[in-house]
Amino acid sequence: MKTLSLVFRHILGIAAFVMLFTASSTRAANITAGEVYATVPVPAGFKGADVQQIASDVVAKRGWEIKSATDKQVVAYYKHHRNEATVTLAYDDKLITISCEGYVIDRDTGARKEPKQPKSWLKYIRQDLEKAFGLPVTK
């Protein structure tokens with residue numbers, strides 16, 4: 001009986017996630033720059049100010065410089081060796097959409113050479129957001 005109850009809870013959790021994702025997929029219009037990398041669902045009980053604080057804390061702890069933080073998005077910048085990126089975390093009470101505009105840069109001049117998404121950097125941000133919201137961390 002306990003196994004059935006556990007399975008039922010997992011099924012409900014997956015169904016809730018799918019409903020949340022499909023209902024919120026149109027929110028990507030808030031994105032200001034770059035290519036969409038991933039989305040992270042915001043669990044019930046978190047409101048705009050909570051989401052903004054968590055998003056700001058996550059990027060700041062990873063060394064990103066916060067360029068702006070509004071009631072709809074957090075924009076941060078990071079430069080390391082031959083890469084630079086601007087990440088936008090657009091959010092509401094249901095979903096955070098992570099987008100990024102990244103480049104390989106000339107180490108000597110700082111000039112942008114070619115677009116390149118820093119996928120490992122973005123993965124760590126996504127995983128940190130999932131942890132902060134108490135969600136299962138995806139690889």
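Each reported figure results from applying straightforward, stated rules to the coordinates on display, with no laboratory input. The structure presented is a predicted model; accordingly, all values stated were derived computationally and were not measured. Heads up, the Cβs are rebuilt from the backbone with ideal geometry, glycines too, and the neighbour counts pull from every protein chain shown.
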For the ranges 128-134, 85-91, 61-67, what's the packing order if you count other beta-carbon atoms within 10 Å of each residue, average per peptide, and put the highest first? 85-91, 128-134, 61-67
At what distance in nm do the modelled label points of K131 and R82 sit from each other, each positioned 7 Å from its Cα along Cα→Cβ? 2.9
Quick check: residue separation of R107 and Y124 times 0.36 nm, minus the Cα distance between them. What number comes out in nm? 3.7 nm
Can you give me the distance in nm between label points at E114 and K47, each placed 7 Å from the Cα along the Cα-to-Cβ direction? 4.8
Partners for K47 among lysines (Cα-Cα distance below 23 Å; same-chain residues under 8 apart left out): K61, K67, K72, K94, K131
